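Contents: one structure, followed by commentary.
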Amino acid sequence: MIHRAVAALILAAGVAAASELRPSRDFLSPELRALQDDPSRHPGWLWVEDGEALWQRGERSCQSCHGGIGSMAGVATRYPAVAPDGALLNLEGRIERCRTQQQNEAPFGTESDALLSLTAAIAQSSRGLPMRVATDGPAASFIEQGRRFYETRQGQLNLACGQCHDENAGRRLRGDVISNGLGTGYPAYRLEWNTLGSLHRRLRACSLGVRATQFPLGSPEYLALELFLASRAAGLPVEAPGLRR
Amino acid sequence: MANPIVARITLPDRARRGEVITIRVLVRHPMERAIDAAGLTPLPRKILHRMRVTYADEEVFRADLSQGITANPYIEFTTIAVETGAIVFEWDEDGGATYRREVRLVVT
Amino acid sequence: MTHASRRAVLVLPIAAAALPAAAAEDDMATAERAILAGRTPVATGIAFEMPPLSENGNSVDVAVRIDSPMTPADHVHAIHILSEKNPVPRVVTFTLKPRAGRAEVATRIRLATSQQIIVLAETSAGQVHRAAREVIVVLGACVEGG
């Protein structure tokens, strides 16, 4: 099914220049865009609300060190980022570090409700702010790794990410309008999932779509890719929690 | 009463007596159908099958839900602001659990 | 709709076998008859909003409004949403009191496939308002395609 749909696209290699990229919300239908903008109807806010409660919970709460969650405004625009020990951390990874090293608790676990909720609440406090991840210094080699992933043709369909997300952005594929493939709306509530999900979960779906290797959630491959996507999105607004079909 | 439930209830903080207010309710719940995503394996149904709303000593609204309601259900309805007090929301889940949330409305 | 005949074929033998009361509302027509209880519905005074094309059957917005004074003597007391092709035809029933102020509700429903949706609103005066709409579902609610 997808084979035929993809064959109908005019395929040409290449990556769009950053200036041509548009916010993910621009590719949503008017109905979904309105829903993304309305906290009273957007189910993703259930996770934001839960995350704000988790932020204050326990004796050694996140709040006890960081203050109100408002102190996290702008943080999501800088992630993924390289930690002092050289590890590349996305927002989820950064939260898990505080969970294990500051709170001395077992990690929440990838795709757990608690981690998604905290990530959504923290990312939400940057909603509308422009992305600005560091791309130099220790980030440079990760960016290169992510760029190679993005530009390499993969899977049985032998497609690179950019063949859909740059060359064919704005066109329809199955029931979707192809966006520029940015991560700015994640974690996002996808109607198809019936729940909030991480960017890595979405990336696994794209890997499956071209019949390529699906990497684990939190894998080094997807982390480097996430950083490259974030560098592409420089200047574009954080949309999390996104609302997707 | 069972575990807390994540609900997001949107209504004005205050209203004038006699004013009709709109209430929007989102609840985090998978609304598990009696069948899995692939349509193959039967699962026990576990949904919130009823939402009851009580305000000023009277049940003012009720919704009897089936598995045809979305996961993380959304319900919107109206009520007349009659007096300052709690609007109480209760959900009955398959298996007998009941969840409850209160929101205060100030009526001037 | 292309599925209508297949559905009819599936339903007929079941309907022919006398089933216990619990299974009586096996299809939309039966559920509608049960609610109408012999009354003839009117198509006026009711607004039913639903997108004609749904992007994902997991979540379809529906909104219903009935013109009603919502007085103790004359108010809408029940609003039913019925589905033609879901496994359970009676999707939801809202129970309203005069203190609702307006007969106005909205929710989100999941739809297995493209189909007709019917709304019935019962008034305390014994009247039933009826509205029906077709919806095309781009992707069925039961598919997890990634």
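The values are calculated or read from the model by the stated rules, or taken from the named source; none is laboratory data. This one's a predicted model, so the numbers in the text were calculated from it and none came from an experiment. Quick reminder, even Gly has a Cβ in these numbers, built from the backbone with ideal geometry, and neighbours come from all protein chains shown. Heads up: the accessible areas ignore ligands, DNA and RNA and are worked out on the full protein's heavy atoms, side chains in. Shrake-Rupley method; radii C 1.70, N 1.55, O 1.52, S 1.80 Å.
Criterion first (within 12 Å of chain C (Cβ to nearest Cβ) and either surrounded by fewer than 16 Cβ atoms within 10 Å (Cβ to Cβ) or touching an Asp or Glu at 6+ places or on another chain (Cβ under 9 Å) (or both)) does B:E59 satisfy it?
yes
Can A:R204 be described as touching a residue at least 60 places away in the same chain (Cβ under 8 Å), touching a helix residue (DSSP H, G or I) at 6+ places or on another chain (Cβ under 9 Å), open to solvent by 20 Å² or more (accessible area, probe 1.4 Å) and closer than 27 Å to B:P30 by Cα?
Here the answer is no, as A:R204 does not meet what is asked.
Select from the range B:13-42 the residues that are open to solvent by 50 Å² or more (accessible area, probe 1.4 Å) and away from chain C (no Cβ under 13 Å) and write down the one among them that is modelled with the highest pLDDT.
B:R14
Which residue, of A:A83, A:A53, A:A76, A:A87, is within 27 Å of A:P138 (Cβ to Cβ), open to solvent by 30 Å² or more (accessible area, probe 1.4 Å) and aliphatic (A, V, I, L, M)?
A:A87
Between residues in the range A:168-181 that are more than 20 Å from A:E151 (Cβ to Cβ) and residues that are of a type outside the set (V, I, T) and surrounded by fewer than 16 Cβ atoms within 10 Å (Cβ to Cβ), which pairs lie under 7 Å by C-beta distance while being six or more apart or on different chains?
Listed pairs, sorted by first residue: A:R174/A:A5; A:V177/A:G170.
Does A:T213 satisfy being at pLDDT 95 or above and either hydroxyl-bearing (S, T, Y) or in contact with a strand residue (DSSP E or B) (Cβ under 8 Å, 6 or more places away or on another chain) (or both)? Give the steps one after another, and end with the answer.
Working: at pLDDT 95 or above: no; either hydroxyl-bearing (S, T, Y) or in contact with a strand residue (DSSP E or B) (Cβ under 8 Å, 6 or more places away or on another chain) (or both): yes.
It is false that A:T213 is at pLDDT 95 or above and either hydroxyl-bearing (S, T, Y) or in contact with a strand residue (DSSP E or B) (Cβ under 8 Å, 6 or more places away or on another chain) (or both).
Might you check whether a residue that is within 11 Å of chain C (Cβ to nearest Cβ), among the polar types (S, T, N, Q) and either in contact with a Lys or Arg (Cβ under 7 Å, 6 or more places away or on another chain) or touching a residue at least 24 places away in the same chain (Cβ under 8 Å) (or both) occurs anywhere in the range A:220-239?
Within the range A:220-239, none of the residues are within 11 Å of chain C (Cβ to nearest Cβ), among the polar types (S, T, N, Q) and either in contact with a Lys or Arg (Cβ under 7 Å, 6 or more places away or on another chain) or touching a residue at least 24 places away in the same chain (Cβ under 8 Å) (or both).
Of the residues in the range A:119-158, how many are in contact with an Asp or Glu (Cβ under 6 Å, 6 or more places away or on another chain) and within 25 Å of A:C206 (Cα to Cα)?
1
Please find, within the range A:40-92, the residue that is nearest to A:S219 (Cα to Cα) out of those that are of a type in the set (K, R) and either outside any loop (DSSP other than H, G, I, E, B) or within 14 Å of another protein chain (Cβ to nearest Cβ) (or both).
Here the residue is A:R78.
Within the set of pairs 6 or more residues apart or between chains, which connect a residue that is under 14 Å from B:I47 (Cβ atoms) inside the range B:92-108 to a residue that is open to solvent by 70 Å² or more (accessible area, probe 1.4 Å) with Cβ atoms less than 7 Å apart?
Between residues of the range B:92-108 that are under 14 Å from B:I47 (Cβ atoms) and residues that are open to solvent by 70 Å² or more (accessible area, probe 1.4 Å), the close pairs are B:D92/B:R50; B:E93/B:K46; B:D94/B:R45; B:D94/B:K46; B:G95/B:K46; B:T98/B:M1.
How many residues are without any contact (Cβ under 8 Å) to a residue 60 or more places away in the chain and under 17 Å from A:G51 (Cβ atoms) if we restrict to the range A:116-138?
Final tally of qualifying residues: 1.
Quick check: anything in the range C:76-95 within 9 Å of another protein chain (Cβ to nearest Cβ) and more than 16 Å from the chain's Cα centre (by Cα)?
No - not one qualifying residue is present in the range C:76-95.
Cβ-Cβ under 7 Å, sequence separation 6+ or interchain: first residue in the range C:97-114 and more than 7 Å from chain B (Cβ to nearest Cβ), partner of a type in the set (V, I, T) and open to solvent by 20 Å² or more (accessible area, probe 1.4 Å). Which pairs?
Close Cβ pairs satisfying both conditions: C:P98/C:T71; C:S114/C:I136.
Going through A:S40, A:S64, A:S29, A:S19 one at a time, which residue ends up being more than 27 Å from A:G170 (Cβ to Cβ), open to solvent by 20 Å² or more (accessible area, probe 1.4 Å) and either over 17 Å from the mean Cα position of the chain (by Cα) or modelled with pLDDT under 95 (or both)? Spell out how you get there, then give the answer.
Details: A:S40 fails: open to solvent by 20 Å² or more (accessible area, probe 1.4 Å); A:S29 fails: more than 27 Å from A:G170 (Cβ to Cβ); A:S19 fails: more than 27 Å from A:G170 (Cβ to Cβ).
That would be A:S64, the only listed residue that is more than 27 Å from A:G170 (Cβ to Cβ), open to solvent by 20 Å² or more (accessible area, probe 1.4 Å) and either over 17 Å from the mean Cα position of the chain (by Cα) or modelled with pLDDT under 95 (or both).
Looking only at residues that are at the interface with chain C (Cβ under 7 Å from one of its Cβ atoms) and closer than 15 Å to C:V92 by Cβ in the range B:74-108, which one is most open to solvent (accessible area, probe 1.4 Å)?
Filtering first and then ranking leaves B:E76.
Take the range A:21-39 and flag every residue that is touching a Ser or Thr at 6+ places or on another chain (Cβ under 9 Å) and assigned to a loop (DSSP other than H, G, I, E, B).
Across the range A:21-39, the qualifying residues are A:R22, A:P23, A:L28, A:P39.
If you scan the range C:24-34, which residues turn out to be in contact (Cβ under 8 Å) with a residue 60 or more places away in the chain and either assigned to a loop (DSSP other than H, G, I, E, B) or farther than 18 Å from C:V91 by Cα (or both)?
Matches in the range C:24-34: C:E25, C:D26, C:D27.
In the range C:96-133, what residues are within 30 Å of A:N194 (Cβ to Cβ), aliphatic (A, V, I, L, M) and not in a strand (DSSP E or B)?
Step one: filter the range C:96-133 for residues within 30 Å of A:N194 (Cβ to Cβ), giving C:96, C:100, C:103-121, C:131-133.
Within this subset, residues satisfying the condition of being aliphatic (A, V, I, L, M) are C:96, C:100, C:103, C:105-106, C:109, C:111-112, C:117-121, C:131-132.
Answer for the range C:96-133, where residues must be within 30 Å of A:N194 (Cβ to Cβ), aliphatic (A, V, I, L, M) and not in a strand (DSSP E or B): C:A100, C:L111, C:A112.
Among the residues of the range C:35-65, which ones are at the interface with another protein chain (Cβ under 9 Å from one of its Cβ atoms) and assigned to a strand (DSSP E or B)?
C:V60, C:D61, C:A63
For A:S141, state whether it is without any contact (Cβ under 8 Å) to a residue 12 or more places away in the chain and open to solvent by less than 30 Å² (accessible area, probe 1.4 Å).
no
Examine the range A:156-168 for a residue that is within 14 Å of chain C (Cβ to nearest Cβ) and touching a Lys or Arg at 6+ places or on another chain (Cβ under 7 Å), and state whether such a residue exists.
Yes, because at least one residue in the range A:156-168 is within 14 Å of chain C (Cβ to nearest Cβ) and touching a Lys or Arg at 6+ places or on another chain (Cβ under 7 Å).
Looking at C:H77 and the list (1) over 23 Å from C:I136 (Cα atoms); (2) not in a strand (DSSP E or B), which single condition is not satisfied?
For C:H77, the exception is condition (2).
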